[in-house]
Each structure stands twice: as C-alpha cells, then as structure tokens.
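Chemist: Let me give you the structure first, and then I'll get to my questions.
The values are calculated or read from the model by the stated rules, or taken from the named source; none is laboratory data. Predicted, not measured: the structure shown is a model, and the values here were computed from it. As a convention, Cβ positions derive from the backbone with ideal geometry for all residues, glycine included, and neighbour counts pool all protein chains shown.
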Amino acid sequence: MIRVLVVDDEPANVLYADLVLRNAGYDVLAAESADEAERLAREMRPVLALIDLSLRGSSGMDLVRRLRANAATRGLRIALYTATLPNAALRDFMAMTAIEHVIPKPSEPSEFLAAVESALR
C-alpha cells in the first residue's frame, strides 16, 4: 500500500484528502504542522507528501527546504497541495526543490486522484 503524507493546518482539507485517498486504497498520514510533518516523513517514510504552502508557524516552503536538506527525506516525492496560483516565484521555488506537481484546492475527487497518481509516476 502506498503511503501518502498530507500536510495542511486546515482540518477540512486534511479530511477531504484522507477520505479520497483512503477510498482509493492509499495509506494516509496527516500532519498539521511542519515539525510534525518532518517527523512523520523521517519515521514513517511516505512515498509522497502533499504540502500546503500556508501552514501556521513554518511555511510549506520552509518545510520543503528542510525535507530536501535532510538525507533521510531528500528523495521524498513532493506535490504542493495549495490554493495559491503558480506565479514566477513559485515556479522558481519548484524548480530549485525538484517539485513538479501542484494539486489545486479545491479539486474534484477524480482530479485530485489523477494529480496524486501523476505525482507518483
């Protein structure tokens, strides 16, 4: 079973992702903070992390930088799970941190799953 880490400080977004992913057969981990996400990524070794850019405390961008800097999590596949529209700065950040996928919020379940499956390839 493929393990996916969902990082979002909005419980409704976590619940939505959890329901859609579990119904599709994924094992789901959830984190509401960057610190919790970093710990889960190291300890539970998910294949993919869906990270919101707007986290309380530490931003999603900071979390991505920390994950990429740690040898244990450097190879983790990451997709941004965000309502932020891609702009030049975000595209530059994605290029620098080897992120190829943005999963928009909100998304229909079929679109959400298609984006997750694309990020896993």
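Chemist: Any residue at all in the range 81-91 that is buried (at least 19 other Cβ atoms within 10 Å of the Cβ) and touching a strand residue (DSSP E or B) at 6+ places or on another chain (Cβ under 9 Å)?
Modeler: Restricting attention to the range 81-91, the residues satisfying the condition of being buried (at least 19 other Cβ atoms within 10 Å of the Cβ) are 81-82.
Remaining after also requiring touching a strand residue (DSSP E or B) at 6+ places or on another chain (Cβ under 9 Å): 81-82.
Yes: the range 81-91 contains one or more residues that are buried (at least 19 other Cβ atoms within 10 Å of the Cβ) and touching a strand residue (DSSP E or B) at 6+ places or on another chain (Cβ under 9 Å).
Chemist: From (1) closer than 18 Å to Ala114 by Cβ; (2) at pLDDT 95 or above, pick out the condition that doesn't hold for Arg3.
Modeler: (1)
Chemist: Take the residues in the range 56-82 that are aliphatic (A, V, I, L, M) and not in a loop (DSSP other than H, G, I, E, B); name whichever of them is modelled with the lowest pLDDT. Walk me through it before giving the result.
Modeler: Taking the range 56-82 and keeping what is aliphatic (A, V, I, L, M), we get 61, 63-64, 67, 69, 71-72, 76, 78-80.
Going one step further and asking which of them are not in a loop (DSSP other than H, G, I, E, B), we end up with 61, 63-64, 67, 69, 78-80.
On the way: Met61: 92, Leu63: 96, Val64: 96, Leu67: 97, Ala69: 96, Ile78: 97, Ala79: 96, Leu80: 95.
It comes out as Met61.
Chemist: OK, next. Say we look at the range 83-111 and pick out the residues that are more than 16 Å from the chain's Cα centre (by Cα) and acidic (Asp, Glu); which of these is modelled with the lowest pLDDT?
Modeler: Here the residue is Asp92.
Chemist: If only one of Leu53, Leu85 is without any contact (Cβ under 8 Å) to a residue 12 or more places away in the chain, over 13 Å from Val4 (Cβ atoms) and in a loop (DSSP other than H, G, I, E, B), which one is it? First the steps, then the outcome.
Modeler: Details: Leu53 fails: without any contact (Cβ under 8 Å) to a residue 12 or more places away in the chain.
On inspection, the qualifying residue turns out to be Leu85.
Chemist: Within the range 12-35, restricting attention to residues that are over 13 Å from the mean Cα position of the chain (by Cα) and over 19 Å from Pro106 (Cα atoms), which residue is modelled with the lowest pLDDT? Reasoning before the result, please.
Modeler: Within the range 12-35, the subset over 13 Å from the mean Cα position of the chain (by Cα) is 12, 15-16, 19-20, 22-27, 35.
Those left that are additionally over 19 Å from Pro106 (Cα atoms): 25-27, 35.
Numbers: Gly25: 97, Tyr26: 98, Asp27: 98, Asp35: 94.
Within the range 12-35, the match that is modelled with the lowest pLDDT is Asp35.
Chemist: I would also like to ask the following. Being surrounded by fewer than 19 Cβ atoms within 10 Å (Cβ to Cβ), touching a residue at least 24 places away in the same chain (Cβ under 8 Å) and more than 13 Å from Val7 (Cβ to Cβ) is the requirement here; does Ala115 meet it? Quick ask: steps written out before the conclusion?
Modeler: Numbers: surrounded by fewer than 19 Cβ atoms within 10 Å (Cβ to Cβ): yes; touching a residue at least 24 places away in the same chain (Cβ under 8 Å): yes; more than 13 Å from Val7 (Cβ to Cβ): yes.
It is true that Ala115 is surrounded by fewer than 19 Cβ atoms within 10 Å (Cβ to Cβ), touching a residue at least 24 places away in the same chain (Cβ under 8 Å) and more than 13 Å from Val7 (Cβ to Cβ).
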